[in-house]
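Trainee: Attaching a single structure in C-alpha cells format; questions to follow.
The values are calculated or read from the model by the stated rules, or taken from the named source; none is laboratory data. Treat the numbers as computed from the prediction; the structure is a model and nothing was measured. Reconstructed Cβ throughout: ideal geometry from the backbone, glycine too, with neighbour counts over all protein chains shown. Protein only, heavy atoms only, side chains kept; ligands, DNA and RNA dropped before computing areas. Shrake-Rupley method; radii C 1.70, N 1.55, O 1.52, S 1.80 Å.
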Protein chains: 2
Amino acid sequence: MQDQSIKTVATDCTCLNLRKASRVVTQLFDQVLQPSGVLANQFALLAALSLAESVSITRLAQELVMDRTTLTRNLKPLERDGLICIEPGQDQRVRVVSLTEKGQAALVKALPLWKQAQTKVTEELGQDRWQALLSNLSDTVSLLREI
Amino acid sequence: MQDQSIKTVATDCTCLNLRKASRVVTQLFDQVLQPSGVLANQFALLAALSLAESVSITRLAQELVMDRTTLTRNLKPLERDGLICIEPGQDQRVRVVSLTEKGQAALVKALPLWKQAQTKVTEELGQDRWQALLSNLSDTVSLLREI
DNA sequence: TTCAAATAAGTGCATATACACTTGAAATCA
DNA sequence: TGATTTCAAGTGTATATGCACTTATTTGAA
C-alpha cells in the first residue's frame, strides 16, 4: 500500500531532485572549468573571497551556507596550492582568509570558462526557466536555512 | 573590471545556488529522518530499490543519475547494516542489488518522516513555487545529463 | 576457435559534506 | 581579579562524489 508513496519519492522528493541536479550541474561546471585547474566548488570559494577581501572562516561559511568545518576542509587544497592565505586575526581566535595574487589570477582565468558553463545551462533551459530555477533555489535557501 | 562578473558568480551561478540549496535541504531531510536511522541519500536508495525490486549497480546508478562508483560506495553502509543484499547475477560480471526484509522495514518506518520533511518544504515554499522548483530541477537533469 | 573489443564492477585517490567533540582565546560576571 | 561562559576554530569519524585505472567476464569477429 505504501507503493504509491514510494513512487512519489522517486518523482517528487525535493532532496533527491536537488541532489541529482546538483550532481549533473557540478559535473558540467567541473568539466568546463578543467583548463583553469579549479573545481566548481573551489571557483565559488575564490569568487566569494574576491568579494569579501578578507573574512573569517565562520563568516565565510555563513555566506556560503556551508558548515564551518566543511569550509575549513574545502580551503585546504586552495591553501596548499597557494591560491589563498590564512592568517590569524587581531582576535587570536579568528583566522582570516584572503586571496593571494595567484588566487586572483586563477579566478580571472576561470571566469570566462564559468561564463561558458553558465551559457550552456541557460541555452539548454531557456532564459525563463533558468531565471525561475535560480529564483526558486535562492528562495529555498532563504526560507529553509534557519528552520 | 571583472568585479561585476564576480558579483554575478555569487548571485547567479547555477552550480553554487544548486549546491547551497542541496546542502540546506539535505540537512533538513537528514534531521527529520534521524529517528529512522537512515540518511536522506540512503532513503532515496532504499526507495529506488523498492521500486526496482532487483537491479544491477550500473542500471541503478543510471536511474539515480549517480556515478557508478559513487553508488558502489553508497551501498556499502546499507549492506553492512543488512538493509540491502548484493548478489552475483546470471551474467557473472553483474552484481544484483535488492532490499532485504530489514531494508523494506526501514523504508516503511522512514516514509512518514520523509512526508513530514516534504511537507515542511512545501509549507515554506508554497505549493506553486515548490511545483515549479521540482519541475525545473527535473528538466535540468533531463536536459543536462547527456551533454 | 581463439583473440580482441566491449561491458560490469572494484580500487586508489582526491575533494565535499557535516556532526560530535576538543582546544584555546575573549568576554562577562560574581 | 578569578571563574565561568561564550565564541572561533580544528580534529575524528563517517558518508558522498567522481575520475583514472584495473580486473574479470562476455560478446563478437577474424
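Trainee: Being open to solvent by 60 Å² or more (accessible area, probe 1.4 Å), within 16 Å of DNA strand C (Cβ to nearest atom) and among the polar types (S, T, N, Q): is that true of A:Ser142 here?
Mentor: Working: open to solvent by 60 Å² or more (accessible area, probe 1.4 Å): yes; within 16 Å of DNA strand C (Cβ to nearest atom): yes; among the polar types (S, T, N, Q): yes.
Considered against the rule, which asks whether it is open to solvent by 60 Å² or more (accessible area, probe 1.4 Å), within 16 Å of DNA strand C (Cβ to nearest atom) and among the polar types (S, T, N, Q), A:Ser142 comes out as yes.
Trainee: Would you check if B:Thr69 is over 23 Å from A:Ser5 (Cα atoms) and without any contact (Cβ under 8 Å) to a residue 60 or more places away in the chain?
Mentor: Numbers: over 23 Å from A:Ser5 (Cα atoms): yes; without any contact (Cβ under 8 Å) to a residue 60 or more places away in the chain: yes.
Considered against the rule, which asks whether it is over 23 Å from A:Ser5 (Cα atoms) and without any contact (Cβ under 8 Å) to a residue 60 or more places away in the chain, B:Thr69 comes out as yes.
Trainee: Look through A:Leu125, A:Leu99, A:Leu133 and report the one residue that is away from DNA strand C (no atom under 13 Å from the Cβ), over 18 Å from B:Cys13 (Cα atoms) and not basic (Lys, Arg).
Mentor: Numbers: A:Leu125 fails: over 18 Å from B:Cys13 (Cα atoms); A:Leu133 fails: over 18 Å from B:Cys13 (Cα atoms).
Just one listed residue meets the conditions, A:Leu99.
Trainee: Of everything in the stretch A:119-134, what is in a helix (DSSP H, G or I), out of contact with any helix residue (DSSP H, G or I) (no Cβ under 9 Å at 6 or more places or on another chain) and open to solvent by less than 70 Å² (accessible area, probe 1.4 Å)? Give them in sequence order.
Mentor: A:Thr119
Trainee: Please determine whether any residue of the stretch B:109-132 is without any contact (Cβ under 8 Å) to a residue 12 or more places away in the chain and more than 13 Å from chain A (Cβ to nearest Cβ).
Mentor: No: the stretch B:109-132 contains no residue that is without any contact (Cβ under 8 Å) to a residue 12 or more places away in the chain and more than 13 Å from chain A (Cβ to nearest Cβ).
Trainee: Starting from residues that are open to solvent by less than 50 Å² (accessible area, probe 1.4 Å) and either away from DNA strand D (no atom under 13 Å from the Cβ) or assigned to a helix (DSSP H, G or I) (or both), keep the ones in the stretch A:73-95 and report whichever is farthest from the other protein chains (Cβ to nearest Cβ).
Mentor: A:Gly82
Trainee: Against the definition (crowded, with 19+ Cβ neighbours inside 10 Å, within 10 Å of chain A (Cβ to nearest Cβ) and at pLDDT 95 or above), how does B:Leu64 come out, yes or no? Full working, then the answer.
Mentor: On the way: crowded, with 19+ Cβ neighbours inside 10 Å: yes; within 10 Å of chain A (Cβ to nearest Cβ): yes; at pLDDT 95 or above: yes.
When the stated conditions are applied, B:Leu64 passes them.
Trainee: Let me ask something else. Within the stretch A:19-47, take every residue that is touching a helix residue (DSSP H, G or I) at 6+ places or on another chain (Cβ under 7 Å), assigned to a helix (DSSP H, G or I) and without any contact (Cβ under 8 Å) to a residue 12 or more places away in the chain and give me the one that is farthest from DNA strand D (Cβ to nearest atom). Steps first, answer last, please.
Mentor: Within the stretch A:19-47, the first condition is being touching a helix residue (DSSP H, G or I) at 6+ places or on another chain (Cβ under 7 Å), and the residues that meet it are A:19-22, A:24-26, A:28-30, A:32-33, A:35-47.
Applying the additional criterion that residues be assigned to a helix (DSSP H, G or I) yields A:19-22, A:24-26, A:28-30, A:32-33, A:35-36, A:40-47.
Filter once more, so that each one left must be without any contact (Cβ under 8 Å) to a residue 12 or more places away in the chain: A:19-22, A:24, A:30.
Working: A:Arg19: 5, A:Lys20: 8, A:Ala21: 10, A:Ser22: 7, A:Val24: 7, A:Asp30: 6 Å.
Once the filter is applied, the top-ranked residue is A:Ala21.
Trainee: Would you mention how many residues in the stretch A:48-62 are away from DNA strand C (no atom under 13 Å from the Cβ) and in a helix (DSSP H, G or I)? Break it down stepwise before answering.
Mentor: Filtering the stretch A:48-62 for residues away from DNA strand C (no atom under 13 Å from the Cβ) gives A:49-55, A:59.
If we keep only those that are in a helix (DSSP H, G or I) too, we end up with A:49-52, A:59.
Result for the stretch A:48-62: 5.
Trainee: Does the stretch A:96-106 contain at least one residue that is closer than 30 Å to B:Thr140 by Cα and more than 8 Å from DNA strand D (Cβ to nearest atom)?
Mentor: The initial filter retains those residues of the stretch A:96-106 that are closer than 30 Å to B:Thr140 by Cα, namely A:106.
Going one step further and asking which of them are more than 8 Å from DNA strand D (Cβ to nearest atom), we end up with A:106.
Yes, because at least one residue in the stretch A:96-106 is closer than 30 Å to B:Thr140 by Cα and more than 8 Å from DNA strand D (Cβ to nearest atom).
Trainee: Given the residues A:Thr70, A:Thr26, which is the only one that is within 21 Å of A:Ser142 (Cβ to Cβ), out of contact with any Phe, Trp or Tyr (no Cβ under 7 Å at 6 or more places or on another chain) and among the hydroxyl-bearing types (Ser, Thr, Tyr)? Reasoning before the result, please.
Mentor: Working: A:Thr26 fails: within 21 Å of A:Ser142 (Cβ to Cβ).
Being within 21 Å of A:Ser142 (Cβ to Cβ), out of contact with any Phe, Trp or Tyr (no Cβ under 7 Å at 6 or more places or on another chain) and among the hydroxyl-bearing types (Ser, Thr, Tyr) holds for just one of A:Thr70, A:Thr26, which is A:Thr70.
Trainee: Quick one: which residue in B:Phe43, B:Phe29 is more than 12 Å from DNA strand C (Cβ to nearest atom), among the aromatic types (Phe, Trp, Tyr) and within 12 Å of chain A (Cβ to nearest Cβ)?
Mentor: Details: B:Phe29 fails: more than 12 Å from DNA strand C (Cβ to nearest atom).
Within the list B:Phe43, B:Phe29, the selection yields B:Phe43.
Trainee: Further question on the same structure: Checking B:Val65 against (1) assigned to a helix (DSSP H, G or I); (2) within 14 Å of the chain's Cα centre (by Cα); (3) among the β-branched types (Val, Ile, Thr), only one condition comes out false. Which one?
Mentor: (1)
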